[in-house]
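Trainee: Next up is a structure, given as structure tokens.
The values are calculated or read from the model by the stated rules, or taken from the named source; none is laboratory data. Everything numeric here is computed off the predicted structure, so don't read it as measured data. Don't worry about glycine lacking a Cβ; one is built from the backbone with ideal geometry, like all the others, and counts go over all protein chains shown. Areas reflect the complete protein model, heavy atoms only, side chains present, ligands, DNA and RNA absent. Shrake-Rupley method; radii C 1.70, N 1.55, O 1.52, S 1.80 Å.
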Amino acid sequence: MPAAIAGNAWVCMNTSATYSISPVNGATTYTWSAPAGASVTSGQGTTSIAVAYGTSSGNISVAALNSCGTSVAQTLTVTV
């Protein structure tokens, strides 16, 4: 499971924010998800992403993957 997600838990409407995690031993890629109304604009598959927000709050989540499977996701609640 990835460690805690580093990044702002409070963001302004219609702005961008960056989130990151420490590398997970054995992971070959990472799957990030953003709240409804927000989108991952860069970094999908890596340990650091940029997210463009609209007006909705929600969760940023990340799971580590390798040939053996997918980890439990780490989540950060973000308020817009």
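Trainee: If packing is taken as the average count of other Cβ atoms within 10 Å, what order do 59-70, 4-15 fall into, highest mean first?
Mentor: For the peptides 59-70, 4-15, the packing ranking is 59-70, 4-15.
Trainee: Between THR31 and THR77, what length comes free when the chain is fully extended (0.36 nm per residue of separation minus the Cα-Cα distance, one decimal in nm)?
Mentor: 14.9 nm is the gain from fully extending THR31 to THR77.
Trainee: Could you run the Karplus curve 6.51 cos²θ - 1.76 cosθ + 1.60 with θ = phi - 60° over region 64-77 and give me ³J(HN,Hα) per residue in whole Hz, x for Gly and Pro?
Mentor: For region 64-77, the Karplus curve yields 9, 10, 8, 5, 8, x, 10, 6, 5, 7, 9, 10, 10, 7 Hz.
Trainee: Then there is this: Can you tell me the accessible area per residue over the chain, all protein chains present, probe 1.4 angstrom, in square angstrom?
Mentor: 53 Å²
Trainee: What does the extension gain come out to for CYS12 and ASN66, with contour length at 0.36 nm per residue minus their alpha carbon separation?
Mentor: 16.0 nm
Trainee: Taking amide H positions as placed in the peptide plane 1.01 Å from N, state which residues far from VAL78 in sequence (5 or more) or on other chains have amide H under 5 Å from it.
Mentor: GLY58, ASN59, ILE60
Trainee: Under the √(5λ) rule applied to the eigenvalues of the Cα gyration tensor, what semi-axes describe the equivalent ellipsoid of the chain? Give them in Å, descending.
Mentor: So the equivalent ellipsoid measures 23, 11, 10 Å along its semi-axes.
Trainee: Next question. Gain in length, ALA3 to SER56, computed as 0.36 nm per residue apart minus the alpha-carbon separation, to one decimal in nm?
Mentor: Working it through step by step, the gained length comes to 16.6 nm.
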